[in-house]
1. What net charge do the residues around V7 carry, taking every other residue with its C-beta under 10 Å from that of V7, with Lys and Arg at +1 and Asp and Glu at -1?
2. Which whole-Hz ³J(HN,Hα) couplings does region 15-30 yield from phi under the Karplus relation 6.51 cos²θ - 1.76 cosθ + 1.60, θ = phi - 60°, glycine and proline marked x?
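Nothing in this text is a laboratory measurement; each read-out follows from the coordinates by a stated rule. Just so you know, these numbers come straight off a predicted model, no measurement behind them. When we count neighbours, we look across all protein chains shown, and the Cβ atoms used for this are built from the backbone with ideal geometry, even at glycine.
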Amino acid sequence: MRLLMPVTPEEAKRVWVSIPNPSARRVAKALTQSGRRVHHSTIARWRAEDWRPVANSCIHLTRRGRHWTWLLACSPGIPSRA
């Protein structure tokens, strides 16, 4: 299975300006239907940050064997591994 590259803020912004009456949910739905999965809250966060990528992402996606695992690295009380 070929992995798709993650959606970038620039791509989300292009979709945002191309659809009438845009919303974070509509943009996320359009991208997901095209095979590029992204959550609507990610679109909303990028838009709030003027379409810049979030600099300090605390959630990391790692692959262990055949499974993907989400790691929350900067939760309060959980030491982060560097």
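1. Once all neighbours under 10 Å are counted, the net charge is 0.
2. 5, 4, 6, 8, 10, x, 6, x, 9, 4, 5, 5, 5, 4, 5, 4
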